[in-house]
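The values are calculated or read from the model by the stated rules, or taken from the named source; none is laboratory data. Note that the structure is a prediction, hence the values are computed from the model and not measured. FYI the Cβ positions are ideal-geometry reconstructions off the backbone, even for glycines, and counts take in every protein chain you see.
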Amino acid sequence: MKYIGRISSIIPILVINIWLLKFTAEYDGVAYFLFSLLLAILVSVISWILGGQYDKAKYYYHELQKEKENLQQIFDSVEVTIWSNNIVEQRIHVSKGVEKVSGYPVKRFFDDYSFWMKIFLPEDRQKLDQFYKQVLSGKSDDVEARFIHANGETHWAYVSGTPIFDKENKVIKINGIVVDITSRIDTVGKLKESENRYRSVVELSPNLIVIYQDERLVYANPATTKLLGLELSELKGKSAFQFIHPTFLEKAVECSKRKSLHNKETDYIEYKIIKPNGEIAFLELAGNEIAYNGQSAILMVGTDVTAKKQQQERIEYMAFHDALTGLPNRYMYNDTLEEALERCKQAHHVLGVMFIDVDHFKSVNDTMGHEAGDELLKQVSERIRENVREEDMVARPGGDEFTVLLENVHENLVRDIAHRIIKAFTSPFLINNKEIYASNSIGVSLYPVDGDDKETLNSKADIAMYFAKKSGKNKYQFFNEHGDKLARKLQLEQDFRSAIEENEFYLEYQPCVELKTGSVYCVEALVRWKHPILGIIPPNEFIPIMEETGWIVNLGTWVLNEACRQNKEWQKLGINVKVAVNVSSIQFEAENFVDVVKEALLKHEMQSDFLEIEITESVMQNVEKSTRIIHELKELGVKISIDDFGTGYSSLSLLSSLSIDHVKIDKSFIDGITSNSNIASVVKKMIEMGESLNFDLIAEGIELEEQANFLIENGCRYGQGYYFSRPVSPEEIQKLLMQMW
């Protein structure tokens with residue numbers, strides 16, 4: 001059917017031409033026939049051409065119709081309304097898409113020219129009027145407004161309009177589109193709500209939040225600006241590393257590089273920063289790469305941990321410093337000592353360790369109170385620090401003791417420092433507006449002379465200090481000057497605590513005899529100590545130590561009970577002999593001493609007249625108290641004797657008033673009675689006065705027959721010493737006594 005136009009037009013022409021040619025040929029001749037033929041051909045060609053034009057026009061018409069239908073289908077299928085307002089003809093055309101946008105049938109819009117305006121909310125119609133006027137003025141415009149959907153819901157529409165002009169440049173038509181943008185508006189609204197929420201969170205967050213791009217700050221929340229004391233405008237553009245402390249800068253740069261390499265780790269890292277006002281702060285920051293304004297950026301979130309850091313440092317400080325004086329404590333001192341030892345070992349330097357004890361500190365505490373004692377310790381610490389080198393460590397391990405570490409020294413320098421400290425204490429301390437005098441005792445140990453580890457050096461400095469204190473106080477003592485003696489003394493002090501429980505003490509007995517007959521009057525109990533390592537410790541070594549420490553009371557109680565127990569065992573065997581027990585003046589003056597004696601007698605069911613208590617003349621210094629105790633013991637039936645008479649300050653007349661049973665003449669007199677006439681005369685006078693005052697004398701330390709004979713000749717009744725028997729075990733003395741009974 002492609003040539004239907006040509007065929008339809010040429011067939012009638014051909015029929016007419018054939019009839020005309022036939023007619024011409026019959027009636028008009030050849031010439032006229034040829035003319036008619038040419039004319040017929042020309043008319044046929046023209047008809048053919050005109051038919052072709054018809055075919056082409058019809059073809060294009062059909063194609064246009066197809067395109068129109070296709071476009072109409074497209075317009076009708078999309079949820080967009082295409083509209084056209086013919087202003088001249090007052091007609092409006094809308095696409096079928098209006099039904100999907102508004103829910104109303106398209107016919108409503110064709111029937112009612114103003115229906116569009118009716119479905120929009122009244123409060124938005126003013127915007128539509130302004131939009132329409134703008135387009136009528138010849139300018140394209142758009143507007144967003146709300147309308148009521150056919151289902152009753154409020155929707156948002158985007159309306160655009162473009163003016164169409166005539167030849168005179170007058171607007172004759174407006175073309176545009178209407179799109180339902182409700183979902184976009186909702187999404188945008190939600191995004192804005194979300195943005196506002198997150199913005200509020202960021203703005204109100206106490207955490208620090210910053211964003212930087214290309215190592216420049218582009219955003220900081222109020223918490224950050226408040227911390228730094230700068231406005232956001234002042235912060236923008238500054239280097240991200242400007243506030244980092246130099247010691248943390250390398251770490252910050254490295255962390256920034258990792259974030260730039262898309263590292264997703266979010267561990268918090270501590271940074272030290274310097275605020276614009278010069279203050280130091282500590283921050284814990286974590287960051288990740290984000291997109292900011294379309295470009296890569298680093299988001300950092302953190303917390304100001306300055307207070308936490310300060311608290312942590314305070315706790316650490318308190319853990320290693322003395323709360324009262326601010327000096328390093330025992331833990332820090334020992335750690336520093338180890339480090340100093342290593343340095344001195346490598347450099348072959350001498351290290352000095354000083355232990356300083358404040359003499360009579362307890363009396364200040366007791367008489368003036370703990371606050372005064374604390375103030376004294378503070379002032380003591382200051383004086384010690386003032387008299388050592390700047391590089392020396394002064395520490396307070398505890399109580400009234402201080403330590404000093406002296407690194408890279410020589411012995412004379414240590415002596416000089418110790419002397420300065422001693423001298424510094426000669427000036428009074430002002431406590432509560434009162435002048436208080438205090439002294440100190442210093443013990444010194446040296447590396448490598450006295451040891452090469454902290455335990456040894458500390459121990460030996462402590463021992464040396466103890467020796468300085470016991471030697472009169474207000475002095476210093478080097479361990480290497482009396483090292484062995486000091487160490488042994490300290491070991492005995494420490495080991496005594498367990499010696500009684502471990503049964504390391506035992507008693508030996510020495511008989512006291514009647515000089516004329518040789519019969520045993522009593523046996524004296526003498527305590528001995530068999531140390532598991534040191535062996536037998538002489539009484540003249542350990543008893544003074546026990547008296548210094550106060551342990552003599554415990555030891556004396558054990559001796560008293562053991563002597564009573566042994567005496568009772570002998571009585572069961574028919575051996576009725578008295579036992580004499582030496583009692584230290586410290587134990588004798590204890591408030592409960594008489595009760596201890598009672599308990600021992602009751603516990604071992606021993607008759608009191610079989611017990612004799614030996615005391616020294618030193619108890620006579622407190623006559624009133626001694627008289628009361630002796631009187632109470634005498635009421636129990638216990639015998640009393642004075643040991644080592646002649647070495648103290650008591651007189652025989654004083655002793656007679658105390659109801660003393662026996663007086664022992666000290667061995668120092670007996671040693672000289674056969675070789676020194678003056679001593680012999682003194683001993684004779686003692687014997688004579690004893691007889692006149694009605695108490696017997698016992699001569700101690702008799703070692704020679706000549707001494708025994710002298711005493712017998714001069715009327716001394718009792719004697720004791722190696723001449724008769726050394727102190728022996730209970731078993732041996734028992735054999736001796738069995739022979740007599």
Checklist entry - Can you name the residue in the stretch 200-233 that is part of a helix (DSSP H, G or I) and hydroxyl-bearing (Ser, Thr, Tyr) and, of all such residues, is surrounded by the fewest Cβ atoms within 10 Å (Cβ to Cβ)? => result 233
Next on the checklist: Looking at (1) surrounded by fewer than 17 Cβ atoms within 10 Å (Cβ to Cβ); (2) assigned by TED's automatic domain parsing to the domain that holds residue 213, which one does residue 338 not meet, given that it meets all the others?
Outcome noted: (2)
Checklist outcome for this item: When the stretch 212-245 is checked residue by residue, the ones that are free of Cβ contacts under 8 Å to residues at least 12 places away in the same chain, among the polar types (S, T, N, Q) and under 19 Å from residue 202 (Cα atoms) are 225, 233
Checklist outcome for this item: Counting only residues that are surrounded by fewer than 16 Cβ atoms within 10 Å (Cβ to Cβ), in contact (Cβ under 8 Å) with a residue 40 or more places away in the chain and assigned to a helix (DSSP H, G or I), the stretch 458-487 contains a total of 1
Item to check | Matching strands (runs of 3 or more DSSP E) fully within the stretch 293-398 where at least 3 residues are under 30 Å from residue 446 (Cα atoms) | outcome: 350-358, 393-398
Item to check | Test: residue 336 is of a type in the set (Val, Ile, Thr) and under 27 Å from residue 375 (Cα atoms) | outcome: yes
Checklist entry - Among the residues of the stretch 660-702 satisfying the criterion of being part of a helix (DSSP H, G or I) and of a type in the set (Lys, Arg), which is surrounded by the fewest Cβ atoms within 10 Å (Cβ to Cβ)? => result 685
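Within the stretch 451-470, restricting attention to residues that are among the hydrophobic types (A, V, I, L, M, F, W, C) and more than 17 Å from residue 494 (Cα to Cα), which residue is modelled with the lowest pLDDT?
468
Matching residues to (1) out of contact with any Phe, Trp or Tyr (no Cβ under 8 Å at 6 or more places or on another chain); (2) part of a strand (DSSP E or B):
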site	(1), (2)
133	yes, no
144	no, yes
152	yes, no
158	yes, yes
164	yes, yes
177	no, yes
189	yes, no
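Working only within the stretch 491-541, note down all residues that are acidic (Asp, Glu), closer than 30 Å to residue 705 by Cβ and surrounded by fewer than 21 Cβ atoms within 10 Å (Cβ to Cβ).
The answer is 508, 514.
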Checklist entry - Does at least one position in the stretch 536-550 carry a residue that is assigned to a strand (DSSP E or B), aliphatic (A, V, I, L, M) and not assigned by TED's automatic domain parsing to the domain that holds residue 466? => result yes
Checklist entry - In the stretch 289-313, what count of residues is obtained for those that are surrounded by 15 or more Cβ atoms within 10 Å (Cβ to Cβ) and more than 22 Å from the chain's Cα centre (by Cα)? => result 7
